[in-house]
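This report refers to the structure that appears directly beneath it.
The values are calculated or read from the model by the stated rules, or taken from the named source; none is laboratory data. Keep in mind that what you see is a predicted model, and the values were worked out from it rather than measured. We place every Cβ from the backbone using ideal geometry, glycine too, and count neighbours over all the protein chains shown.
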Amino acid sequence: MRAAKSIALSMCAAMLAACTSVPDLDTRRQAALASAPGALTEIMIPTRSFDLAAFLPSGFAQADSGAILTVYIEGDGLAWITRSRPSDDPTPATPLVMGLMSSDGAMPTAYLARPCQYVGAGSRNCEAAYWTNKRFAPEVVASMNEAISALKARTPGAQTIRLIGFSGGGVIAALIAARRQDIAGLVTIAAPMDINAFTRHHGVSGLSGSLDPVADKAVLSGVPQMHFVGGQDGIVPRSIVDSYLRSLGATPCARLVMVPEASHISGWQDIGSVIHSAVPRCEAEAA
């Protein structure tokens, strides 16, 4: 419980300024759609363990041959209400990621929600463990990976995939990247890439039942990747991403980008164009 209480407090403060006033699911969905400059189509992707929500801009399926499919992966969302009480519905209260995706001019581009977000608390297998300690469980990663394959199948011209994940979505993106052969690049924003370093930093016990990207370091060391870190981020400070990067060893494929004015959830829209244009490369490839 010590882990739950400490991380609950920090995430609640970061993701919802007034934890005592929680908007309902429809209000959260409308806020997310309002953050998008253009119309989005919501689809449901059934996977082995979960029904996952995705939002697609118009023209999504019209990709030229050889195109890169960009998938934005949501963060942990509204995981906690109080120190000891998990949320009944992890749908985000702050629509940062959907706003970033919808302002990305690349095609094809999609937004993929995490399990139980935007689908209702009664959706298949929606238990609070999947947005608390088991947020990075093997079945979560497998389902997200299935959904990305389904999105790729909708875009016959797309041959490779660029994953962009915010916070816990960046961890999911890395875990998926380690399990695919078609990843063109991995981009994370304020992501706790070393789970053990993250829990040690906050003085809490580990996330039981969750995977850690550090365990996939041998594979991930060869994946082109960029990690954006906020200089004002007290939840995921640079030291946590540095710990992950050290675990990769001497690789030419990983780069850290500091954004001095950004906190955990603010300042990222201000550099949206930089994130949109982020194309990770291994130095040997770029030479």
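Of the conditions (1) within 19 Å of Leu151 (Cα to Cα); (2) touching a strand residue (DSSP E or B) at 6+ places or on another chain (Cβ under 8 Å); (3) touching a residue at least 24 places away in the same chain (Cβ under 8 Å), Ala79 clears all except one; give me its number.
(1)
Taking Glu127, is it surrounded by fewer than 24 Cβ atoms within 10 Å (Cβ to Cβ) and at pLDDT 90 or above?
Values: surrounded by fewer than 24 Cβ atoms within 10 Å (Cβ to Cβ): yes; at pLDDT 90 or above: yes.
Answer is yes for this residue.
With respect to the numbered conditions (1) at pLDDT 95 or above; (2) loosely packed, with under 14 Cβ neighbours inside 10 Å; (3) of a type in the set (A, V, I, L, M, F, W, C), which one is the sole condition not fulfilled by Trp268?
Against the list (1) at pLDDT 95 or above; (2) loosely packed, with under 14 Cβ neighbours inside 10 Å; (3) of a type in the set (A, V, I, L, M, F, W, C), Trp268 comes up short only on (2).
Taking the conditions exactly as written (in a loop (DSSP other than H, G, I, E, B), touching a Lys or Arg at 6+ places or on another chain (Cβ under 9 Å), under 18 Å from Tyr72 (Cβ atoms) and not hydroxyl-bearing (Ser, Thr, Tyr)), does Ala262 satisfy them or not? Quick ask: steps written out before the conclusion?
On the way: in a loop (DSSP other than H, G, I, E, B): yes; touching a Lys or Arg at 6+ places or on another chain (Cβ under 9 Å): no; under 18 Å from Tyr72 (Cβ atoms): yes; not hydroxyl-bearing (Ser, Thr, Tyr): yes.
Criteria not met by Ala262.
Give the number of residues within region 110-146 that are of a type outside the set (Asp, Glu) and assigned to a loop (DSSP other than H, G, I, E, B). Walk me through how you get there before you give the answer.
So the first thing to find is which residues in region 110-146 are of a type outside the set (Asp, Glu), and the list is 110-126, 128-138, 140-145.
Narrowing the set further to residues that are assigned to a loop (DSSP other than H, G, I, E, B) leaves 113-126, 132-137.
Count: 20.
Rundown of residues vs (1) under 19 Å from Phe166 (Cβ atoms); (2) exposed (fewer than 14 other Cβ atoms within 10 Å of the Cβ); (3) modelled with pLDDT under 95; (4) out of contact with any helix residue (DSSP H, G or I) (no Cβ under 8 Å at 6 or more places or on another chain), yes/no style:
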site	(1), (2), (3), (4)
Val22	no, no, yes, yes
Pro46	no, yes, no, yes
Ser49	no, no, no, no
Gly66	no, yes, yes, yes
Tyr72	yes, no, no, no
Pro90	yes, no, no, no
Ala93	yes, no, yes, no
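Being closer than 27 Å to Ala67 by Cα, within 17 Å of the chain's Cα centre (by Cα) and among the aliphatic types (A, V, I, L, M) narrows it down to one of Leu163, Leu211, so name that one. Break it down into steps so the answer makes sense when it comes.
Working: Leu211 fails: closer than 27 Å to Ala67 by Cα.
Selected residue: Leu163, the only one of Leu163, Leu211 that is closer than 27 Å to Ala67 by Cα, within 17 Å of the chain's Cα centre (by Cα) and among the aliphatic types (A, V, I, L, M).
For region 31-84, which strands (runs of 3 or more DSSP E) that fit wholly inside it have 2 or more residues that are within 21 Å of Gly170 (Cβ to Cβ)?
Numbers: elements: 40-46, 51-57, 67-73.
Output list reads 51-57, 67-73.
Closer than 26 Å to Ala153 by Cα, modelled with pLDDT of 95 or more and touching a Leu at 6+ places or on another chain (Cβ under 7 Å): is that true of Tyr118 in this structure? Explain how you work it out, then say what you get.
Details: closer than 26 Å to Ala153 by Cα: yes; modelled with pLDDT of 95 or more: yes; touching a Leu at 6+ places or on another chain (Cβ under 7 Å): no.
Considered against the rule, which asks whether it is closer than 26 Å to Ala153 by Cα, modelled with pLDDT of 95 or more and touching a Leu at 6+ places or on another chain (Cβ under 7 Å), Tyr118 comes out as no.
Can we say Tyr111 is hydroxyl-bearing (Ser, Thr, Tyr) and under 14 Å from the mean Cα position of the chain (by Cα)? Let's see the steps before the verdict.
On the way: hydroxyl-bearing (Ser, Thr, Tyr): yes; under 14 Å from the mean Cα position of the chain (by Cα): yes.
Yes; evaluated as a whole, the condition is true for this residue.
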